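Input: a single structure, listed below in structure tokens.
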Amino acid sequence: MRLGNKNYSQDELKDLQKQNTKVYNNFVRRNNNNNQFTSFYHSSEWKKLRKQVLLRDNYLCQECFKKGIVNDKNLIVHHKVELREDWSKRLDMNNLEVVCYACHNKIHKQKQT
Ligand SMILES: [Zn+2]
Ligand SMILES: [Zn+2]
């Protein structure tokens, strides 16, 4: 069989299929129980970075701040591009923002519609 510009033998094809199944299974598992996300949020890397983002954003909700409201209650560090959208951006400071619970809910509701 020919795929792209490479000819594959039957054995190579079987290996490819196995690899794909593995990737697919990992993907499904990850999305089913969010284990990977949960352990990320418990990692020391994340806890350290979270603090840095809070410091950078002066422990203020950035969405409220844009509207001229100073809000330092119920803060969380939000991923603009979510973990499930782009795993590689999970530790990217530019992808992180301090927001309050209320704004966070709004952001995610907007995304869904
Ligand atoms: Zn807010
Ligand atoms: Zn979020």
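A single entry from T38, T21 fulfils the requirement of being exposed (fewer than 11 other Cβ atoms within 10 Å of the Cβ), among the polar types (S, T, N, Q), at pLDDT 90 or above and assigned to a helix (DSSP H, G or I): T38.
Every condition in (1) within 16 Å of ligand 2 (Cβ to nearest atom); (2) of a type in the set (D, E); (3) in a helix (DSSP H, G or I) is met by E45 except one, and the failing one is (1).
A single entry from R56, R84 fulfils the requirement of being under 22 Å from N34 (Cα atoms), in contact (Cβ under 8 Å) with a residue 24 or more places away in the chain and away from ligand 1 (no atom under 15 Å from the Cβ): R84.
Between E82, E97, the distinction of being touching a strand residue (DSSP E or B) at 6+ places or on another chain (Cβ under 6 Å), within 11 Å of ligand 2 (Cβ to nearest atom) and of a type outside the set (A, V, I, L, M) belongs to E97 only. Scanning segment 78-112 for residues that are over 13 Å from the mean Cα position of the chain (by Cα) and farther than 26 Å from G68 by Cβ gives a single hit, Q112. Scanning segment 87-113 for residues that are in contact (Cβ under 8 Å) with a residue 40 or more places away in the chain and closer than 14 Å to L49 by Cβ yields a total of 6. Taking the criterion of being surrounded by 12 or more Cβ atoms within 10 Å (Cβ to Cβ) and assigned to a loop (DSSP other than H, G, I, E, B), the residues of segment 74-102 that qualify are N74, K80, V81, E82, L83, R84, D86, R90, L91, D92.
The values are calculated or read from the model by the stated rules, or taken from the named source; none is laboratory data. Remember, it's a predicted structure, so these values are computed and weren't measured experimentally. Glycine gets a Cβ as well: all are built from the backbone with ideal geometry, and neighbour counts include every protein chain shown.
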